[in-house]
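As structure tokens, the structure follows; a few thoughts come after it.
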Amino acid sequence: MTADQVRPGWRPAGEAGQAGRPDPSAPVITTNALARRFGASIIALDDLTMAVGPGITGLVGANGAGKSTLIKILLGLLPPTSGTATVLGLDTVRHAEQIRALTGYMPEHDCLPPDLTATEFVTHMGRMSGVPPTAAKERAAESLRHVGLYEERYRQIGTYSTGMKQRVKLAQALVGDPRLLLLDEPTNGLDPAGRTAMLDLISRIGDEFGISVVVASHLLGEIEQICDHLVAIDAGRLLRSATMSSFTQVSQVLAIEVDEGADLLAAELSGRGLSPVRNERELLVLITGDETFDAVRDAVAGLGLPLSRMEQRRHRVEELFREDAGLTGAVDGH
């Protein structure tokens, strides 16, 4: 292996230790009773214990929930007040430099130098990751090609659109050949088409390159599109950690939608003891057996209403964060 082929974090045989031959089934991130306080009154993280496995994981929570603070601790940029955290088996306090050599980070805010070209900046970030000069230039071109900026790579970043700048940030996170990507609000400031393109890029990176990805976002609909695992935090505490399929599994709630007469139908269903809950255009009733379907069918037919939809409802990720989730919250147990 030549100097230009050495990847960041690589160690000769016998010196690799924890970072040498990763266990593909081992968690890429763990935290144990992790806490971070600022002063006496601000609690950013509070007794956070979780494990994140390989794949694409969504880290979700409202703005101020502690997502960015957690990422900074995982990168060794911020020490925890108490508790511990590991990334790729390495302690974030004792092995911060090794972690940063093995991890690509895409920050939330605009932090790009406007007077450099994308090639110059991404090459520089590759060198900062420990990549030799020739390899850094090659990897910069490769990374910019992956994110769709190859033809624009010699333009100054200051002339780029917001979407192009987000792609530059993703390219610099990739240039060091990381084993883990930490992406903080990667669709921030993008229009719908730009968000879709960015999510497609992230999904492709995870699927084709085999890189584990953590996507921090407050946009729950986006997380549902690309992630196979989800970690939800609220006010610095773990709300839930599970596979995406378990979050969105079929519930014991029947959703009914009629083109007109929803109030009449709600009254009729109440008279039949079904206690419907209004949710935007839907009426939701708890399924207690086959008789629930029969009662709804008979009520709709008896009133002569145009039924547009009746289906067993799937849970939605955003229901985790509703203070009053109504019937769906009661069924979900949250």
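The values are calculated or read from the model by the stated rules, or taken from the named source; none is laboratory data. Keep in mind it's a predicted model, so treat the numbers as computed, not measured. Reconstructed Cβ throughout: ideal geometry from the backbone, glycine too, with neighbour counts over all protein chains shown.
Among (1) within 29 Å of residue 140 (Cβ to Cβ); (2) loosely packed, with under 15 Cβ neighbours inside 10 Å, where does residue 64 come up short?
In the conditions (1) within 29 Å of residue 140 (Cβ to Cβ); (2) loosely packed, with under 15 Cβ neighbours inside 10 Å, residue 64 misses (1) alone.
Which of the residues that make up the stretch 153-163 are at pLDDT 95 or above and part of a helix (DSSP H, G or I)?
157, 158, 159
Results for (1) of a type in the set (Ser, Thr, Tyr); (2) buried (at least 16 other Cβ atoms within 10 Å of the Cβ); (3) in the same structural domain as residue 199 (by TED's automatic domain parsing); (4) farther than 21 Å from residue 101 by Cα, shown as yes or no for each residue.
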site	(1), (2), (3), (4)
116	no, yes, yes, yes
125	no, yes, yes, no
139	no, yes, yes, no
162	yes, no, yes, yes
176	no, yes, yes, no
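Could you figure out which of (1) closer than 29 Å to residue 223 by Cα; (2) surrounded by 15 or more Cβ atoms within 10 Å (Cβ to Cβ); (3) modelled with pLDDT under 95 isn't true of residue 42?
(2)
Which count do you get for residues in the stretch 182-200 that are in a helix (DSSP H, G or I) and of a type in the set (A, V, I, L, M)?
Total satisfying the criteria: 4.
Are any residues in the stretch 72-114 without any contact (Cβ under 8 Å) to a residue 60 or more places away in the chain, touching a strand residue (DSSP E or B) at 6+ places or on another chain (Cβ under 8 Å), of a type in the set (Gly, Ala, Ser) and surrounded by 18 or more Cβ atoms within 10 Å (Cβ to Cβ), and if so, which ones?
Selection gives 85 alone.
Name the residue, out of 120, 97, that is more than 23 Å from residue 163 (Cα to Cα) and in the same structural domain as residue 165 (by TED's automatic domain parsing).
97
Taking the stretch 168-226, which residues are touching a His at 6+ places or on another chain (Cβ under 9 Å) and of a type outside the set (Gly, Ala, Ser)?
Hits for the stretch 168-226 are 170, 172, 174, 184, 185, 188, 201, 204, 205, 209.
Could you say which residue among 270, 275, 308 is closer than 29 Å to residue 242 by Cβ, at pLDDT 85 or above and hydroxyl-bearing (Ser, Thr, Tyr)? Quick ask: steps written out before the conclusion?
On the way: 270 fails: closer than 29 Å to residue 242 by Cβ; 308 fails: closer than 29 Å to residue 242 by Cβ.
Result of the check over 270, 275, 308: 275.
With respect to residue 18, determine if the residue is in the same structural domain as residue 202 (by TED's automatic domain parsing), part of a helix (DSSP H, G or I) and at pLDDT 90 or above. Please lay out each step first, then the result.
Numbers: in the same structural domain as residue 202 (by TED's automatic domain parsing): yes; part of a helix (DSSP H, G or I): yes; at pLDDT 90 or above: no.
For residue 18, the condition - in the same structural domain as residue 202 (by TED's automatic domain parsing), part of a helix (DSSP H, G or I) and at pLDDT 90 or above - is not met.
Looking only at the stretch 26-85, which residues are in a helix (DSSP H, G or I) and out of contact with any Gly (no Cβ under 9 Å at 6 or more places or on another chain)?
Scanning the stretch 26-85 gives 68, 71, 72, 73, 74.
Conditions (1) within 20 Å of the chain's Cα centre (by Cα); (2) closer than 27 Å to residue 226 by Cβ; (3) modelled with pLDDT under 95, marked per residue:
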{"position": "7", "(1), (2), (3)": "no, yes, yes"}
{"position": "13", "(1), (2), (3)": "no, no, yes"}
{"position": "30", "(1), (2), (3)": "yes, yes, no"}
{"position": "61", "(1), (2), (3)": "yes, yes, yes"}
{"position": "81", "(1), (2), (3)": "no, no, no"}
